[in-house]
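Asks: One structure follows; several queries about it will come next.
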Amino acid sequence: MIETADGFKLLSAYFDREQQAQLAEAVLERVARSPLYQPAMPRTGKPLSVRMTNLGPLGWMTDKTGGYRYQDHHPVTGEPWPDMPGKLLELWRSVSGWPDPPQACLVNWYGPDARLGLHVDADEDAKDAPVVSVSLGDSARFRLGGPDRKDPTRSLRLNSGDVVVLGGASRRFHHGVDRIYAGSSTLLPEDWRPGRLNLTLRRVRA
Ligand code: MD3
Ligand code: FE
């Protein structure tokens, strides 16, 4: 486990293989009803390489005309987002240290060539609540910086079953995903390989 004074915590191999498989099954069953869509940058409409969907009462999304936002329904199907699996609510209770349950679970899907540029999560009104993330499937090279874009960054490898807790000041740190190590995990079903699933739990409303 890595823990910094800023409130960043990496809980390596938090979930064992069996728990990872159960969680992946629960998530993929919901993704089948609430399919991944291709998000796009505000204004330019440039597509992100990561595909996304959400679980829980609210979901984060972005498209050309609406920009970054939380909403309560899927942009393509118009249906409410599926509920969060109990295992994720239990995880939040165990590691977040926050009294209220998460309101959003963003499901990020990385194919072998997907990336996520350095950014800050700033679309939540609940600025002090932590963020909790779970990695499943192929490993990723994750980059963590500081509050300013020019702050030095460090690279960490996130493996399947790892949990990251962003509390305190680290909640406002820059971060991104530089690359996926395609074929590094055999967790996900064959039609989901190679690739990486990341689940990000958040409080949204103050
Ligand atoms: C560090 N997702 O969805 S999760 C995102 O692997 C996002 O899919 C990445 O960044 C992914 O916004 C990283 C770990 C994470 C989540 C939120 C953070 C790290 C963070 C907020 C502040 C600092
Ligand atoms: Fe982020």
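The values are calculated or read from the model by the stated rules, or taken from the named source; none is laboratory data. Note that this is a predicted model, so its numbers are computed, not measured. Here Cβ is always computed from backbone atoms with ideal geometry, including for glycine, and neighbour counts include all displayed protein chains. Side chains are part of the model used for accessible areas, which takes the heavy atoms of the whole protein and leaves out ligands, DNA and RNA. Shrake-Rupley method; radii C 1.70, N 1.55, O 1.52, S 1.80 Å.
Asks: Is it fair to say Thr44 is outside any strand (DSSP E or B) and among the hydroxyl-bearing types (Ser, Thr, Tyr)?
Replies: Working: outside any strand (DSSP E or B): yes; among the hydroxyl-bearing types (Ser, Thr, Tyr): yes.
So Thr44 passes the test.
Asks: So, in the range 174-206, how many residues would count as being in contact with a Lys or Arg (Cβ under 8 Å, 6 or more places away or on another chain) and of a type in the set (Phe, Trp, Tyr)?
Replies: So the answer is 1.
Asks: Taking strands (runs of 3 or more DSSP E) that do not extend beyond the range 53-130, which have at least 1 residues that are surrounded by fewer than 15 Cβ atoms within 10 Å (Cβ to Cβ)?
Replies: 69-71, 116-119
Asks: Next up: Of the numbered conditions (1) in a strand (DSSP E or B); (2) open to solvent by less than 50 Å² (accessible area, probe 1.4 Å); (3) of a type in the set (Ser, Thr, Tyr), Ser160 satisfies every one except a single condition; which is it?
Replies: Among (1) in a strand (DSSP E or B); (2) open to solvent by less than 50 Å² (accessible area, probe 1.4 Å); (3) of a type in the set (Ser, Thr, Tyr), the lone unmet condition for Ser160 is (1).
Asks: Could I ask something else about it? Can you run down the residue pairs with Cβ atoms below 6 Å, 6 or more apart or on separate chains, where the first is in the range 29-58 and free of Cβ contacts under 8 Å to residues at least 12 places away in the same chain and the partner is not polar (S, T, N, Q)?
Replies: Between residues of the range 29-58 that are free of Cβ contacts under 8 Å to residues at least 12 places away in the same chain and residues that are not polar (S, T, N, Q), the close pairs are Pro47/Ala40.
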